[in-house]
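One structure is given here, and the rest of the page talks about it.
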Amino acid sequence: PTIQIYTSAMRACARGGQAKRALNLLRVVKDKGLETDSYFYTAAIDACSKAKMWEKALELFDEMVELGIEPTPVTYGVTISALGNGLQWERALSLLNSMREKSMTINLITYNSAITALAKASKQKAKLGQLSDTNEDPEEGLWQKALNLLDQMKEDGIEPDGFSYSSAISCCVGRWEEACELIEIMKQNPTTRP
């Protein structure tokens, strides 16, 4: 089989929630000494992301970079999603910033993955009682980072969708004014009207 066939099989494994099978295929490809590419690694990282294996996803991302394989915007997107699933929002935002530094196009899905990473972290902090409502430093709060990403999207010419706003609202734990403001913004746009 060619690398394209293995990549297709890994994509099928990712869609089917079979991360272990995808990683077994990765091992087979390495053992055979086949030349890998960004599509192959992206499929493997996506399988890890869907299985909430953020550490393995990041390991594979770093491995491909070390091998001189240039990550694509899709590779960054699935890695950001994996990091979000692992509550690693700082690393997710760091990858998003790397994309910006490399002048890569950041699409709606990748922005949504980053905002979702913040929303998942906010939910976890709230569950653990670690959010301090309005006592939180406004420049450091996850809610502010989410709002900043919404602004950045607009600056990049990408219109946030309902998912973008919903995830940002989820970051506004204890910040009801900001949550209500986002709902008002959504009402003004016919494509995101709640």
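Between a first residue in the range 83-112 that is on the phi < 0 side of the Ramachandran plot and touching a residue at least 60 places away in the same chain (Cβ under 8 Å) and a second residue that is β-branched (Val, Ile, Thr) and assigned to a loop (DSSP other than H, G, I, E, B), which pairs have beta carbons less than 8 Å apart while being 6 or more apart in sequence or on different chains?
Listed by first residue and then by second, the contacts come to nothing, as the list is empty.
Assuming Val65 fulfils every condition listed in (1) of a type in the set (Val, Ile, Thr); (2) open to solvent by less than 40 Å² (accessible area, probe 1.4 Å); (3) without any contact (Cβ under 8 Å) to a residue 12 or more places away in the chain apart from one, which condition is it?
Here Val65 meets the rest and fails (2).
Considering only the range 80-106, state which residues are surrounded by 15 or more Cβ atoms within 10 Å (Cβ to Cβ) and polar (S, T, N, Q). I'd like the intermediate steps shown before the answer.
Of the residues in the range 80-106, the ones surrounded by 15 or more Cβ atoms within 10 Å (Cβ to Cβ) are 80-89, 91-93, 95-96, 99, 104, 106.
Ser81, Asn85, Gln88 - these are the residues of the range 80-106 that are surrounded by 15 or more Cβ atoms within 10 Å (Cβ to Cβ) and polar (S, T, N, Q).
For the range 65-80, state whether one or more residues are assigned to a helix (DSSP H, G or I), farther than 15 Å from Ala114 by Cα and at pLDDT 95 or above.
Taking the range 65-80 first, the residues assigned to a helix (DSSP H, G or I) are 65-66, 73-80.
Subsequent filtering for residues that are farther than 15 Å from Ala114 by Cα retains 65-66.
Within this subset, residues satisfying the condition of being at pLDDT 95 or above are 65-66.
Taking every residue of the range 65-80 in turn, at least one turns out to be assigned to a helix (DSSP H, G or I), farther than 15 Å from Ala114 by Cα and at pLDDT 95 or above.
Listed here are the residues, each with its yes/no results for (1) within 30 Å of Trp89 (Cβ to Cβ); (2) surrounded by 15 or more Cβ atoms within 10 Å (Cβ to Cβ); (3) in contact with a Gly (Cβ under 8 Å, 6 or more places away or on another chain).
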{"residue": "Ile3", "(1), (2), (3)": "no, yes, no"}
{"residue": "Met10", "(1), (2), (3)": "yes, yes, no"}
{"residue": "Ala14", "(1), (2), (3)": "yes, yes, no"}
{"residue": "Lys20", "(1), (2), (3)": "yes, no, no"}
{"residue": "Leu23", "(1), (2), (3)": "yes, yes, no"}
{"residue": "Glu35", "(1), (2), (3)": "no, no, no"}
{"residue": "Ser49", "(1), (2), (3)": "yes, yes, no"}
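Considering the range 115-146 alone, what residues qualify as being at pLDDT 85 or above, surrounded by fewer than 21 Cβ atoms within 10 Å (Cβ to Cβ) and more than 14 Å from Gly84 (Cβ to Cβ)?
Gln144
The values are calculated or read from the model by the stated rules, or taken from the named source; none is laboratory data. Only a predicted model underlies this, so the values are computations on that prediction, with no experimental measurement involved. Here the Cβ is made from the backbone with ideal geometry for all residues, glycine too, and neighbour counts use every protein chain on show. Accessible surface is based on the protein model in full, side chains and every heavy atom, while ligands, DNA and RNA are left aside. Shrake-Rupley method; radii C 1.70, N 1.55, O 1.52, S 1.80 Å.
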